[in-house]
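Before any comments, here is the structure.
The values are calculated or read from the model by the stated rules, or taken from the named source; none is laboratory data. If you're wondering where the values come from, they're calculated on a predicted model, not measured in any experiment. All Cβ positions, even for glycine, are placed from backbone atoms using ideal geometry, and neighbour counts span all protein chains on display.
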Ligand SMILES: Cc1ncc(COP(=O)(O)O)c(C=O)c1O
């Protein structure tokens, strides 16, 4: 039985178990339905087997060796990946400006961080793709156990994961790809290629672009190492089954005809916006990230105009450009609003 079905089951036992709300006592009434589904590992529900089956099914969908459901974000996936493949005093090559969880993971493993830099685009003010020869130089010079790469970047710049994996293979280095912002990639040929089947470990945030609840995420592995021990160290022994059920439903949706169609529609709608806004330039490898530059405005001015005059909030801005994040929940009418705002921006 799936996790989703287990949550729908009516339990006829009187429970003297955790959680003590017993699915019937709603302290925060607005979340009434959440309480109703907030079960634990009692005999009458027994959700662990369902979780195992859901992760097995996910592994087949992604074509990985293992896919683990995470209810503590990509942060926990990155930490678990590092704890799995790195021992104390080994070196891990990480990007200097990466999400803080990269360096924290290395610290928790008792390992040594070695930092690489990525050049910033002069025109767009955003980090470029990983410089392959620079990475290779580090692997040549230092004894690096694992390399962590963020791809796509926040702004949708994708690194050459296949080539990085080739290099890692040459030097016996594990490759961990932080694909937190690329959770839609495995489900469309019109998006960049996902790292899931290439890297040793790939981490996805479902909550960022794939319509998941905060902070649902996935840790994929293609290598022989077991991630379960590391996950046990950092995870609670009382996982949230409503969140786990939402992960199961999320993956099944993305993999369904309806889900795939929704992603293609999103891509088409964003393509239309980009074609119609002839007064703006767009950049990046991932069409779903709207990284935009207007000839008459700095990134900060454009961001301020959108926020103050058009009630539109972007995800990230720099001096040169502004990035508006789209995902499975971005509606056509929201994109139209943005398109009109960007077109009008000429008149200021
Ligand atoms: C590139 C990148 N990696 C990892 C994370 C951590 O993800 P989560 O919030 O799912 O723990 C973030 C969050 O913003 C991120 O931007």
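Would you check if residue 40 is surrounded by 13 or more Cβ atoms within 10 Å (Cβ to Cβ), within 24 Å of residue 214 (Cβ to Cβ) and at pLDDT 95 or above? So residue 40 does not fit the description; no. Within region 114-136, the set of residues being outside any loop (DSSP other than H, G, I, E, B), in contact with a strand residue (DSSP E or B) (Cβ under 9 Å, 6 or more places away or on another chain) and surrounded by fewer than 16 Cβ atoms within 10 Å (Cβ to Cβ) comprises 115, 120, 134. Looking across region 99-113, the residues that are outside any loop (DSSP other than H, G, I, E, B) and either buried (at least 16 other Cβ atoms within 10 Å of the Cβ) or touching a helix residue (DSSP H, G or I) at 6+ places or on another chain (Cβ under 9 Å) (or both) come down to 100, 101, 102, 103, 104, 105, 106, 108, 112, 113. Note on region 197-221: residues that are more than 9 Å from the ligand (Cβ to nearest atom) and more than 13 Å from residue 81 (Cα to Cα) total 7.
When you scan region 85-95, do you find a residue that is part of a helix (DSSP H, G or I) and either away from the ligand (no atom under 16 Å from the Cβ) or under 25 Å from the mean Cα position of the chain (by Cα) (or both), even just one?
Within region 85-95, one or more residues are part of a helix (DSSP H, G or I) and either away from the ligand (no atom under 16 Å from the Cβ) or under 25 Å from the mean Cα position of the chain (by Cα) (or both).
The combined condition, being in contact (Cβ under 8 Å) with a residue 24 or more places away in the chain, at negative phi and within 28 Å of the chain's Cα centre (by Cα), is fulfilled by residue 72. Scanning region 187-213 for residues that are more than 11 Å from the chain's Cα centre (by Cα) and either surrounded by fewer than 24 Cβ atoms within 10 Å (Cβ to Cβ) or part of a strand (DSSP E or B) (or both) yields a count of 11.
Total residues in region 63-84 satisfying the condition of being away from the ligand (no atom under 14 Å from the Cβ), in a helix (DSSP H, G or I) and crowded, with 22+ Cβ neighbours inside 10 Å: the figure is 1. Considering only region 243-258, state which residues are touching a helix residue (DSSP H, G or I) at 6+ places or on another chain (Cβ under 7 Å) and crowded, with 20+ Cβ neighbours inside 10 Å. Matches in region 243-258: 244, 245, 247, 248, 250, 251, 254.
Take the conditions (1) in the same structural domain as residue 173 (by TED's automatic domain parsing); (2) over 16 Å from residue 235 (Cβ atoms); (3) part of a helix (DSSP H, G or I); (4) more than 18 Å from the chain's Cα centre (by Cα); residue 58 misses just one of them, which is (4). Here 157, 118 are screened, and the one residue that is within 16 Å of the ligand (Cβ to nearest atom) and farther than 30 Å from residue 251 by Cβ is 118. Taking the criterion of being closer than 15 Å to residue 210 by Cβ and surrounded by fewer than 12 Cβ atoms within 10 Å (Cβ to Cβ), no residue of region 220-242 qualifies. From the list 224, 163, the one residue that fits, being touching a helix residue (DSSP H, G or I) at 6+ places or on another chain (Cβ under 8 Å) and either more than 16 Å from the ligand (Cβ to nearest atom) or closer than 16 Å to residue 61 by Cβ (or both), is 163. Listed by position, the strands (runs of 3 or more DSSP E) inside region 233-338 whose residues that are in contact (Cβ under 8 Å) with a residue 60 or more places away in the chain number at least 3 are 289-294.
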